1. Identify, please: which residue in the range B:26-44 is part of a strand (DSSP E or B) and within 9 Å of another protein chain (Cβ to nearest Cβ) and is, among those, farthest from residue A:735 (Cα to Cα)?
2. So is residue A:714 within 12 Å of chain B (Cβ to nearest Cβ) and either in a loop (DSSP other than H, G, I, E, B) or over 29 Å from the mean Cα position of the chain (by Cα) (or both) or not?
3. I want to confirm something. Restricting to the range A:732-763 and keeping residues that are within 9 Å of chain B (Cβ to nearest Cβ) and part of a loop (DSSP other than H, G, I, E, B), which single residue is farthest from residue A:657 (Cα to Cα)?
4. Residues that are surrounded by fewer than 15 Cβ atoms within 10 Å (Cβ to Cβ) and under 25 Å from residue A:517 (Cβ atoms): does the range A:450-465 have at least one?
5. All but one of (1) surrounded by fewer than 18 Cβ atoms within 10 Å (Cβ to Cβ); (2) in contact with a strand residue (DSSP E or B) (Cβ under 7 Å, 6 or more places away or on another chain); (3) farther than 21 Å from residue A:702 by Cβ hold for residue A:595; which doesn't?
6. Any idea which residue in the range A:726-755 is surrounded by the most Cβ atoms within 10 Å (Cβ to Cβ), counting only those that are modelled with pLDDT of 85 or more and in contact with a helix residue (DSSP H, G or I) (Cβ under 9 Å, 6 or more places away or on another chain)?
7. Pick from the range B:226-240 the residues that are away from chain A (no Cβ under 13 Å) and part of a loop (DSSP other than H, G, I, E, B): which of them is nearest to the chain's Cα centre (by Cα)?
8. Quick one: which strands (runs of 3 or more DSSP E) sit completely within the range A:639-696 and have at least 3 residues that are within 14 Å of chain B (Cβ to nearest Cβ)?
């Protein structure tokens, strides 16, 4: 793609906006009818009484929030909307021989207990209708998640249970693909980093999350560039009625959050939050002196700031700026004389900043248009042993336009465009990073580092369109996503382009009121990782990886909040980026292939009065073949069985207790056959078995429990919780440690439980 | 939605970090330190000279020990080849075809691997295209069971202008209770019933200053992970004869003409000594004569 085509893409965005305007006019006519939605979350409200003042005319909105008043003589009328949860609202309309379309947004009633839902939707296969929502109370109180909404996703089907190793995964291992193969988004934009330090805590404070969508696979054409799953966080609007805040303290971090309107009856509102870990304060006080020299101590910050302007019910402008800063280093800078190396120094920093400016326009409940733009600045710096280092700097600006319109009661069209200009700078003196499936890894002590500095500029344009047809019991959704990318090195020595076209199709068949069959088929491309394209680490002209995915299943509603979702899937992986034979000119090519298949079951009790929970079982087989004609091997994080049972029960008005038991098959590893002594360095070089990933670590299982207690006061509340992971101290396998010549090995495991004690004041 | 060119390395780095955290936090297994001899093993490989030019003769030798700490004197299989000289990863992937080159079976100490480096086209044919700035060959050493040999490798720098030399091991000095001792007529240092001795390596380094000293015994009591030229050795309580070895290395790397690589072809020499622990100090031969 060149700059001319970029300009053309921008033009298309404008066309979309104009199309939205036209669609608004098309729906301007209608009877004295309309739809009632919640002004904050824009979801339809059922059960609202709609009456005509001074008459006995009264109707109730249906499940879709719709109402229709009987015909009335010409004149002016006051239409009243009222419900127990929303402020009574009166709207005057004039009827003059024509029907009137009246859509209303209601605000929450003063003093009403409004549950701001945060939802995790296991929206597999079909985006629009396979949604399963977890209420905010579930997300914030799920045992084993430490009040971290994204950690709750780890308990859903399709996500591998890595035990303690999940803290280093850097993301979620979904349906047999690596954490880097899944997409993580916030308000539609790429989330540069999901967790602090690869897994400690989500970088976005859960307090800002309005909904959290999790797609294990078979996801809509709205999303792409990921072979695995998708996690999208949608942030909420700041409080616009009154000033409020949260002060939260746990045993490893603390945050403060404030929000509120910018003045009385203002259309402006905003808020901010900042969080900091304080492990670096505590550890030096509690660790013995002799351990300090080798102790790396992490500390992290994250922040979020939001400003919203809502001039009327149809327009919302929002700026959500967020960032994260992780640092780690040696507590003591004294070099230990007993160290095998002369320098044990270690330094790491990882930070990003990303503001997102968005405009959401909903002229009526049938149209939704969102335009957003977001720059990003991100850096990773990692230095070890004095001189080995790698540094990434990413500068990026992205714009996206998403448009959805209900063309008819049975037809919903969605389309969008994404434009992304991206600079990736890398500077390194480090050995080649190992690829998935390469057991040998890098030897920072002995291997010769690659010294280089390079920049890649990339421009990406993406367009998608998707149309859902509701035909009786059938729902059919064809979609198409097309993307193209142009890239070049800073010095112009390398340039090229890539493109991908991803057709996808989703179908649902509502067999009975309780049972729905569903299926999907689609192609999913994923562009190479930045470092895979930079010489000498990578190969400049490698192609995107591809997944051809098929899935099907059944959903069943047992009633009273009990539901079941069973699925099977097959995913063929082709053109995988793979290490070439030793001595080849280029380190990577696209000769790798793979396949993943499995089944997932989710039986759930949704939160009703007191109880919620679910049983999740995942069966998965994920295999790879790195070279043509080579042997098949298991994926590094292939997990055959993954079972999770989670339940939480509220006792009285202020107590809640919960537990989660998880069991997962041990992860594969490759045995070391022998080792060769390197007489130059006085070290041993392990020789791995040809049977890659044929051995398994010990199975993973643990029990987590959680207790919550709340105190209600006049103007504020105090919440406390104790969330203890691994209460019976089951050792969590991390891997194996070998003696100096690899003739002896012992499993390394994390021996202790992980308690989180939290106290939170809210007003 | 687009991730652009996502940074999988970000995730990889996070994983490395997490592993480091957990490695530190976890209970790590207690293995014997590398300086304790428990099995048949190779302690050092040396080429003399350290760097060689085409047409020059090179003598290749090795230091290996038995599981009881005595010197291994059995047969040794030697290979001099061209492949896998630069990185550990490449070495681990070397196939049998790759390591064809020159072989030698050493049956006794008097039959070392002596080889005259070929010149011109013969070198190219035998190994690889010769680079006058530096061509790195690999020495392979194997001992023990032929089906499952104990193996070692070492780099050998071949170039026109050689500059680095091996260290020269002069000997080991033993300090008992603050006084030097001398060996007896069998070359054994009597240390009596003292609890510990201080052993110092006397080594000359003609070139380079990246010096390390690795110590080995079959007993417990050596300070772990030290690379110092002097070491304290806590002695066994049982009377007997014990061996100690010190391998001295000089690790200055070799810069190629184009500056791309910094090859560590270490200079090596070693020293060995025997001590006798006895119930009294009577047999100790003090260097100061008293």
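The values are calculated or read from the model by the stated rules, or taken from the named source; none is laboratory data. Values in this document were obtained by computation on a predicted structure and should not be read as measured data. For neighbour counting, all protein chains shown are included, and Cβ atoms are generated from backbone atoms with ideal geometry for every residue, glycine included.
1. Going residue by residue through the range B:26-44, those that are part of a strand (DSSP E or B) are B:36, B:41-44.
Then keep just the ones that are within 9 Å of another protein chain (Cβ to nearest Cβ); that gives B:41-44.
Details: B:41: 26, B:42: 28, B:43: 29, B:44: 31 Å.
Per the criteria, the residue is B:44.
2. Numbers: within 12 Å of chain B (Cβ to nearest Cβ): no; either in a loop (DSSP other than H, G, I, E, B) or over 29 Å from the mean Cα position of the chain (by Cα) (or both): yes.
So residue A:714 does not fit the description; no.
3. A:741
4. no
5. In the conditions (1) surrounded by fewer than 18 Cβ atoms within 10 Å (Cβ to Cβ); (2) in contact with a strand residue (DSSP E or B) (Cβ under 7 Å, 6 or more places away or on another chain); (3) farther than 21 Å from residue A:702 by Cβ, residue A:595 misses (1) alone.
6. That would be A:726.
7. The residue in question is B:229.
8. On the way: elements: A:641-651, A:655-664, A:672-678, A:683-688.
The qualifying strands (runs of 3 or more DSSP E) are A:672-678, A:683-688.
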